[in-house]
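The values are calculated or read from the model by the stated rules, or taken from the named source; none is laboratory data. Everything numeric here is computed off the predicted structure, so don't read it as measured data. Neighbour counts are summed over all protein chains in view; Cβ atoms, including those assigned to glycine, are modelled from backbone coordinates with ideal geometry.
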Amino acid sequence: MIEEIEKKSLKSIEPYKYIKAEYDIKLDANESQFNLSETVREKLYKYINDEFNANFYPNSDCDCLREAIAQYCNAAADDIVVGAGSDQLIDIIYKAFLNLGEKVVVPYPTFSMYELTARIYGGIPVRVGLKAGEEYKYDVPKFIQTIKTEKAKIAFICSPNSPTGNNLSIEEIKQIIKSCPETLIVVDEAYGEFTNQTAIPLTKEFDNLIILKTFSKAFGIAAARVGYSVSCSQTANILNKVKPPYNVATLSQIVAQSVMEDYAENNKRIQEIVKQRELLFAELSKISGIKVFPSESNFLLIKVEDSKRVYKALLDNRILVINFGEKEDLENCLRISVGLEWQNRLIVDSLQLTVHS
């Protein structure tokens, strides 16, 4: 009976399933290997003991956190909307802008939630394939033409893109926005701290632009589930119309603000991850039988002859990565999060043995 009243848009959707595997090294989800610094831990301990009132609702507008984000981004607090991770912000964007049957242009391959959430809300995702033979480069003219031809309501750009690691230049992003003034352009910069650019300044110029950011990657607090958007204040006001009240827990707000204020330590960690990414890229590139794609993020995409066999061999060595298996345009590809130096050394050694066995 219940299947008969389920939303039609959910019929072909499978629930998200967390990978259950035994491992010693977890490199499958692009998480930071750095836990909270001692400075942040001391702040949280003091806050919980002296100030935390678990019986009261959180600050619904995340005022203090938005002020800290605004300073970090060189934006105004009214330009910021905070959500329970980027996933919730994607959901909020669809709630605010997408009507039933309207089209959403997405690159492919990319973060699956753009397409999945569009389908949940009755939208029609339209894929624009990245150039797999050219290291998954965006075809900007084709992207623009597809937006125009399909009369897309929303278009997503992931830069740096997951799972491929490449990004668009700011000029390319600006070209897309200027060419498609009647389409909302959402630029997901979840991995933006690992590259040397951001499109946030463009939000002062274009009201059809939203930038998505997260604390889960570079700031290393994936467990807190905090993300934010940056746009012009008028666009942010529209998002706030549908944002759930009290959507970010008080402790999550405090953790995010504390991590952001620990700027020097966090920047040091980001630089170390970038350094390890380049070293890991160089070492993996030396192994015959592995194609390594350039990355501006905190992970590397590799292609092997038999990804299923390599994935199993790594897991046998208690190293967890993600296998895209037979996924379209990612056949025999594995994505490896950049770890600490000793972790990266182990995965290089394991892959050398596995690929040539």
Report summary line: Pairing a residue in region 60-75 that is farther than 18 Å from Asn266 by Cβ and touching a residue at least 12 places away in the same chain (Cβ under 8 Å) with any residue that is surrounded by fewer than 17 Cβ atoms within 10 Å (Cβ to Cβ) and not polar (S, T, N, Q), where Cβ atoms lie under 8 Å and the two sit 6 or more apart in sequence or on different chains, gives Ser60/Pro245; Ser60/Tyr246
Query - Selected residue (criterion: surrounded by the fewest Cβ atoms within 10 Å (Cβ to Cβ)) from residues of region 299-332 that are free of Cβ contacts under 8 Å to residues at least 40 places away in the same chain and assigned to a helix (DSSP H, G or I) - result: Asp316
Report task. Please indicate, with yes or no, whether at least one residue in region 207-214 is more than 18 Å from Ile93 (Cβ to Cβ), in a loop (DSSP other than H, G, I, E, B) and not small (Gly, Ala, Ser). Result -> no
Query raised in the report: Can you tell me which residue in region 224-242 is surrounded by the most Cβ atoms within 10 Å (Cβ to Cβ), limited to those that are in contact with an Asp or Glu (Cβ under 9 Å, 6 or more places away or on another chain) and under 20 Å from Ser162 (Cβ atoms)?
Result: Val230
Requested in this report: Select from region 279-298 the residues that are in contact with a Leu (Cβ under 8 Å, 6 or more places away or on another chain) and not in a helix (DSSP H, G or I) and write down the one among them that is surrounded by the most Cβ atoms within 10 Å (Cβ to Cβ).
Outcome: Ser295
Requested in this report: Kindly indicate whether Glu134 is surrounded by 15 or more Cβ atoms within 10 Å (Cβ to Cβ) and either of a type outside the set (S, T, N, Q) or assigned by TED's automatic domain parsing to the domain that holds Leu239 (or both).
Outcome: no
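Small (Gly, Ala, Ser), under 17 Å from the mean Cα position of the chain (by Cα) and buried (at least 20 other Cβ atoms within 10 Å of the Cβ): is that true of Gly85 in this structure?
Yes: the conditions hold for Gly85.
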Query raised in the report: Would region 165-188 turn up any residue that is within 19 Å of Phe34 (Cα to Cα), assigned to a helix (DSSP H, G or I) and small (Gly, Ala, Ser)?
Result: no
**Report entry** Cross-chain or 6+ apart pairs with Cβ under 8 Å, region 1-23 first and within 18 Å of Thr117 (Cβ to Cβ), then of a type in the set (Gly, Ala, Ser) and at pLDDT 80 or above
**Finding:** Ser9/Gly122
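When region 312-329 is examined, which residues are found to be among the charged types (D, E, K, R) and touching a helix residue (DSSP H, G or I) at 6+ places or on another chain (Cβ under 8 Å)?
Within region 312-329, Asp329 is the sole residue that qualifies.
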Requested in this report: Specify which of the listed residues (Ser216, Ser231) is over 14 Å from the mean Cα position of the chain (by Cα) and in the same structural domain as Thr110 (by TED's automatic domain parsing).
Outcome: Ser231
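Does region 96-111 include one or more residues that are in contact with a Phe, Trp or Tyr (Cβ under 6 Å, 6 or more places away or on another chain), within 30 Å of Tyr311 (Cβ to Cβ), of a type outside the set (A, V, I, L, M) and crowded, with 17+ Cβ neighbours inside 10 Å?
No, because not a single residue in region 96-111 is in contact with a Phe, Trp or Tyr (Cβ under 6 Å, 6 or more places away or on another chain), within 30 Å of Tyr311 (Cβ to Cβ), of a type outside the set (A, V, I, L, M) and crowded, with 17+ Cβ neighbours inside 10 Å.
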Report task. State all residues of region 24-67 that are out of contact with any Phe, Trp or Tyr (no Cβ under 7 Å at 6 or more places or on another chain) and among the polar types (S, T, N, Q); if no residue qualifies, say none. Result -> Ser32, Gln33, Asn35, Ser37, Thr39, Asn49, Asn53, Asn55, Asn59
Requested in this report: Look through region 14-70, keep the residues that are within 21 Å of the chain's Cα centre (by Cα) and aromatic (Phe, Trp, Tyr), and return whichever of them is farthest from Glu272 (Cα to Cα).
Outcome: Tyr16
